[in-house]
Amino acid sequence: MISPHGGKLVDRVLNEECRQDILAAARALPKLTINDESVSDVENVATGVFSPLEGFMGRADYRNVLNEMRLRTDLPWTIPIVLDASPEEAARLKEGKDVLLENESGRPVAVLHLQEKFEYSKDELAEKVFLTMDKAHPGVAKVAGMKKILLAGPLDLLEVSPTPFDRYKLSPKETRILFKEKGWKTIVAFQTRNTPHIGHEYVQKTALTFTDGIFVNPVIGRKKKGDFKDEVILASYDELIKHYYLKERAVMAILQMEMRYAGPREAIHHAIVRKNFGCTHIIIGRDHAGVGTYYHPYAAQDIFEEFPDLGIAPLFFRAFYFCKKCQSVVNEKICPHPNSEQIQFSGTKIRDLLVKGEVPPAELMRPEVAKVIMQFESPFNE
C-alpha cells in the first residue's frame, strides 16, 4: 500500500490509561479554549490525516510553507496548520509547558506541548495562501478574524469528538485496513463539498474504470453560505451509492475539516490528506477548492507540475457536459456536436431548481438524489 506522506502515519491519540492520568492532572494545567475548526485540526494531526505533522507548526515550518510550499524537510506542504491566540492568552502560557485545549463547551480535547509562541502577518498569510487580500474571499475573511499570536508544539489527543456523523467516520489507519481487506491496490479519492450531479458521477466512474476502488470523501465542517449542509451531502451520496455503484467498489467516509477555499494550494493539501488515507490517485476537476473568480479554472491542476514528488497521482478532468445528440456525458475530445446540443453541469442552475421545488432533469441529476435533497426543508447553509 502507498506510504503515508513523509513515510510514517502519525498516531497521537492517547490510550485510556494516559487519558485518565491527564484528566486527573488537568486542574493544574493552564487552559485554552479553541473553536470547532481548531478541534478538527487537532484531531486530524493526532489521527494521521495530516501526517507527518505531529502538532501545530512552529515559525520555521510556517515560514517555509508560506514561501516554498514545503516543510523544512523539503516535503510538499501547502496550507499552514496553526493555532492562534490573543496576546493576553499567550502571555499566561509558558513555552516548554503543557496546555490543556478545551472546546467551546469546556470539554477537554487535547494537550498541547507548547514549544513556541510567535507573531505573524495576517496580510502575508492571506496573500500567500489565497493569492488575494480581498475580504470577500471566505478564507481571507477568516484570517482577518484570527488572533495575533500563533502557538506551536506537538499534540496529544484525549479522545476524538463525537459528531452526528460518526457512522461515516474512518481514520487513515482504518481506511488502510479496509482497502487491504477489499484487495484494492489502486484507490482514487473524490473530494467533495456538494451533493452529486451526473457530472460528478461521470468523473468518478471514469476514474474507477482504471482503479480498484473509489473513496468518496466529503468535507464535513465549516463551509461558506450557500453550500449544501453536511447532512444533505451525506444523504444524497448514500442514495447515489446505493443505487448506482457496486458495493465492493465504493467506500464513503467523511473528512472532518473546514474548507479554506484556497484553490491550487488547497488542491495539493487535499491530495496529501487522501494519500494519508491510503489513496493512490485523486480526482482534480475544474476550479478545485475555488470560490468566485479568484483562481483560473485550471490553476488547481497546473500547480501539480510543481510537485513531482507528491507521491499521489492526480487525475485531471477538464470540460465535460451532457450531449443531447450523443445521449451521454461527453467531453470536447469525443463529441462532434455543436454547443446547441450541450447541457452544462451548472451547480447554480441545479440549486435554483431545487430551491423552486423543481426536480432537475435526469441529464443533470439522478431522480433518487434530487428526491432526497428535496426532503430537507432547508438544504443550504445560511
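The values are calculated or read from the model by the stated rules, or taken from the named source; none is laboratory data. Because the structure is a prediction, the values reported are computed rather than measured. Please note: Cβ atoms are built from the backbone with ideal geometry, for glycine as well, and neighbour counts cover all protein chains shown.
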- Listed by first then second residue, the pairs whose first member lies in segment 289-310 and is under 24 Å from GLY278 (Cβ atoms), whose partner is of a type in the set (Phe, Trp, Tyr), with beta carbons under 6 Å and at least 6 positions apart or on separate chains, are GLN301/PHE316
- Within segment 39-60, identify whether any single residue is part of a loop (DSSP other than H, G, I, E, B), farther than 21 Å from LYS147 by Cβ and of a type in the set (Ser, Thr, Tyr), and answer yes or no. yes
- So which residues in segment 241-263 are touching an Asp or Glu at 6+ places or on another chain (Cβ under 7 Å) and of a type outside the set (Asp, Glu)? HIS243, TYR244, GLN256, ARG260
- Is it true that some residue in segment 165-180 is part of a strand (DSSP E or B) and under 16 Å from the mean Cα position of the chain (by Cα)? yes
- Message: Restricting to segment 114-132, and then to whatever is out of contact with any strand residue (DSSP E or B) (no Cβ under 9 Å at 6 or more places or on another chain) and either within 25 Å of LEU14 (Cβ to Cβ) or small (Gly, Ala, Ser) (or both), can you tell me which residue is surrounded by the most Cβ atoms within 10 Å (Cβ to Cβ)?
- Response: ALA126
- Task: Working carefully through the options LYS333, LYS371, LYS349, find the one that is out of contact with any Pro (no Cβ under 9 Å at 6 or more places or on another chain) and within 28 Å of ALA267 (Cβ to Cβ).
- Result: LYS333
- Counting only residues in segment 63-80 that are in contact with a strand residue (DSSP E or B) (Cβ under 7 Å, 6 or more places away or on another chain) and at negative phi, the one surrounded by the fewest Cβ atoms within 10 Å (Cβ to Cβ) is identified as ARG70
- Please state which of the following conditions ARG72 fails to meet, knowing it meets all the rest: (1) over 16 Å from TYR120 (Cα atoms); (2) in a strand (DSSP E or B). (2)
- In this structure, is VAL111 at pLDDT 95 or above, crowded, with 19+ Cβ neighbours inside 10 Å, touching an Asp or Glu at 6+ places or on another chain (Cβ under 8 Å) and within 21 Å of ALA289 (Cα to Cα)? no
- When you scan segment 290-382 for strands (runs of 3 or more DSSP E) that lie fully inside it, which ones turn up with 2 or more residues that are over 25 Å from TYR261 (Cβ atoms), over 23 Å from the mean Cα position of the chain (by Cα) and assigned by TED's automatic domain parsing to the domain that holds ALA262? 320-323, 328-331
- Residue pairs meeting the criteria (Cβ under 9 Å; at least 6 apart or on separate chains; first under 23 Å from LEU310 (Cβ atoms), in segment 42-65; second surrounded by 23 or more Cβ atoms within 10 Å (Cβ to Cβ) and among the hydroxyl-bearing types (Ser, Thr, Tyr)): VAL45/SER51; VAL65/THR78
- Tell me which residues, restricted to segment 81-108, are among the polar types (S, T, N, Q) and crowded, with 17+ Cβ neighbours inside 10 Å. ASN103
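Here is a yes/no grid of residues against (1) within 25 Å of ASP123 (Cβ to Cβ); (2) modelled with pLDDT under 95; (3) outside the structural domain of LYS148 (by TED's automatic domain parsing):
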position	(1), (2), (3)
MET1	no, yes, yes
PRO4	no, no, yes
LYS31	no, no, no
VAL42	no, no, no
ALA46	no, no, no
VAL82	yes, no, no
- Message: Kindly evaluate GLY58 against the criterion of being surrounded by fewer than 20 Cβ atoms within 10 Å (Cβ to Cβ), farther than 14 Å from LEU158 by Cα and among the small types (Gly, Ala, Ser).
- Response: yes
